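The values are calculated or read from the model by the stated rules, or taken from the named source; none is laboratory data. Since we're looking at a predicted model, the values are computed, not measured. Cβ coordinates were reconstructed from backbone atoms using ideal geometry, including for glycine residues, and neighbour counts include every protein chain displayed. Side chains are part of the model used for accessible areas, which takes the heavy atoms of the whole protein and leaves out ligands, DNA and RNA. Shrake-Rupley method; radii C 1.70, N 1.55, O 1.52, S 1.80 Å.
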Amino acid sequence: MVLPPVTTVNNPIFVAGHQGLVGSALVRALEQQGDKNILMRTKKELDLRDQAAVETFFEKEKPALVLLAAAKVGGILANNNYPADFIRDNVQIEANVIDAAHRHGVKKFIFLGSSCIYPRDCPQPMREEYLLTGPLEFTNRPYAVAKLAGVEMCWAYNRQYGTQFLAVLPTNTYGPNDNYDLNSSHALPALIRKCHEAKISGAGKVIVWGTGTPRREFLYVDDLAEACVFLLAHAELAALTAPEMLPAINVGCGEDVTIHELALLVAEVVGFKGELVFDASKPDGTPRKLLDISRITALSWEPKVSLREGIAKAYQAYFDSL
């Protein structure tokens, strides 16, 4: 399928969560294509968990397009320690923004989900129709349930109101503005920080959580942002699914590596020469999460940044931030 050129220029676009990893990349992608009417609010300026505040914002600013990247996110440790925070905050954000978008006539809407919402023992690679077909991974179930609620809301609003709300399900993303706090970060940024600090301090080893055997797919965040802007311009794709199917589309690179292979690659890029020690007492999480990206590649989109190149870019951004 050949689609018309991507353009959202001159439409007021609300990028919710513009300071985060994905949100900041969305802003870069929109600016690169010439968008100037980008609406952005910090959490202090607009708490998306506050229904009245969200209503006031939409009434005043009247965005025509919305990219919802704001969410409470974190790795295994954070999900284990704060399950109530993860489900409460994310459900509040989604419910407030999706409903306000509908009531204020938003034309097109992209909701950022996650590959972790697929069943724990999902067939690989994971196709969009596998959603809601099995039990979720225990370590991040509250977060996954919240994100599934957002995807289901997109389906329900499309069905009842004829909206064009689409859920994008990215694989693990990384890059500039990532979270490097070891108490809440994901695997790749945690590895970058650990390997960098070990290299600087001269430490002989780096501890890696888990056995190293789980397989994960990684996507450089600017590739994800480009895909989201592409899909925002063509959100009518949500209507192309069968009525019972969720309006969800996977975005990834279509290849995965073991955590052991990832750690070796990060160490190589960062320049850490010591030993990688895998702590099998820590949880591994889902055994494998590889997305089937045939639906989006059929629309002539594909990622551009390789894993090695992306890790090098991410490490440079981390180094520059120190």
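How large, in percent, is the carbon and sulfur part of the accessible surface of the chain at a probe radius of 1.4 Å? The partial results should precede the final answer.
Numbers: 7490 of 14270 Å².
Roughly 52 percent of what the probe reaches on the chain is carbon or sulfur.
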With R₀ set to 30 angstrom, the calculated FRET efficiency between the beta-carbons of Asp85 and Met40, to the nearest 0.05, is 0.80
To the nearest Å², the heavy-atom accessible area per residue of region 15-115 with 1.4 Å probe amounts to 44 Å²
Per the rule of 0.36 nm per residue minus the C-alpha distance, extending Gln19 to Leu264 adds in nm 85.2 nm
Rounded to whole angstrom, the alpha-carbon centroid of region 127-205 lies from that of region 212-257 at a distance of 12 Å
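For the chain, what is the relative contact order in percent, using Cα pairs closer than 8 Å and at least 6 residues apart in sequence? Don't skip to the end; give the middle numbers.
Details: 619 pairs, mean separation 68.9, N = 322.
Here the relative contact order equals 21 percent.
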Looks like region 1-128, by Cα gyration tensor root eigenvalues a ≥ b ≥ c and the a/c under 1.5 rounded cutoff (else prolate when a/b is bigger than b/c, oblate otherwise), is oblate
Once the in-chain neighbours fewer than 8 apart are removed, the lysines whose Cα is under 17 Å from Lys289 read Lys147
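Subtract the Cα-Cα distance of Ser321 and Lys205 from 0.36 nm times their separation in residues, and report this length gain in nm to one decimal. Intermediate results must be reported in sequence, preceding the final value.
On the way: separation 116, 0.36 × 116 = 41.76 nm, distance 2.39 nm.
Computed gain between Ser321 and Lys205 is 39.4 nm.
Students often check this: by mean Cβ neighbours within 10 Å, which of 255-264, 42-51 ranks highest, and how do the rest follow? Please report the intermediate quantities before stating the final value.
On the way: 255-264: 18.1, 42-51: 14.4.
Ranked by mean Cβ neighbours within 10 Å, highest first: 255-264, 42-51.
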In nanometres, the difference between 0.36 nm per residue of separation and the alpha-carbon distance of Lys62 and Leu132 is 21.8 nm
Simple SL model, points at 7 angstrom along Cα→Cβ for Gln32 and Asn11; separation in nm is 2.0 nm
